[in-house]
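Step one of this worksheet: look at the structure below.
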Amino acid sequence: MAASALSNPMPSSPEHKPSAGVGVGGNCIAQIVHDNCPDLLASAGVIIEHLDAQAGNWQFSIDNGLTWRSARTDLINRPGCMGLALDRDARLRVLPFSGHRVSGVRIVFHTVQRSHGQGSGSYRAYAPDERDGGSRSVTLVVGLNAVNGMPPEVKVPRPRNKRALAQSARERAGDGLGGSLALA
């Protein structure tokens, strides 16, 4: 296996336009494959064969994170060859169930050489691994950040302590009196 995971441009290149959904908006398929399977042949997308249903509610977006649809794990996680077809620029995320601590998730997919076009986001049959010349399934066990992305860093001002707040309040009060204390 050689070449990069998905055809140009790479997600970190200037041509790739990250959406405002970085972090809670999931990662694009190209980014997930490139980061975790750099030796895969170049491809136009994937067919997802299995998503870890115990992790939470899986969602995908084919419009750069503007709208999200739930992935039907009941369709793709059963025996047979039915998968979710996603182009390389589709986004994937998992929303963990409340009260459920998830550190890693399992994803099974195989790459495809042609774009799904209008079929991106649809459920379709795929060739089993046993077929000669077909692409092989890849199983990833990755952390939530690999799928959901890292949340953006938020700058929060450090709260001032009570003494500093009281001192600044006294200084403001002293300024407001305009020197009337000096006469007293």
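What to note about this one:
- Taking amide H atoms as placed 1.01 Å from N in the peptide plane, the amide H of G149 lies under 5 Å from those of N27, each 5 or more residues away in sequence or on another chain.
- Couplings 3J(HN,Hα) for segment 71-81, derived from phi with the Karplus relation 6.51 cos²θ - 1.76 cosθ + 1.60 (θ = phi - 60°), are 7, 7, 5, 5, 8, 8, 8, 10, x, x, 10 Hz, where x marks Gly and Pro.
- Residues with amide H under 5 Å from that of V138, placed H, sequence gap 5 or more: F109, H110
- Principal axis box of segment 79-126, alpha-carbon based, largest edge first, Å: 39, 27, 15
- Each residue of segment 107-123 was assigned a 3J(HN,Hα) from its phi angle through the Karplus curve 6.51 cos²θ - 1.76 cosθ + 1.60 (θ = phi - 60°); the sequence is 10, 10, 8, 9, 7, 10, 8, 10, 5, 7, x, 5, x, 5, x, 9, 9 Hz, with glycine and proline shown as x.
- Placed amide H near L95: partners under 5 Å, 5+ positions off or other chain: N57, W58, Q59
- Each distinct pair of alpha carbons in segment 44-118 adds a 1/r term; the inverse of their mean, the Kirkwood radius, is 13.0 Å.
- Highest average packing first - 166-173, 81-88, 109-116, Cβ atoms within 10 Å: 81-88, 109-116, 166-173
Just so you know, all these numbers are worked out from the coordinates, no wet-lab data involved. Please read these numbers as outputs of a predicted model, since none were measured by experiment. Here the Cβ is made from the backbone with ideal geometry for all residues, glycine too, and neighbour counts use every protein chain on show.
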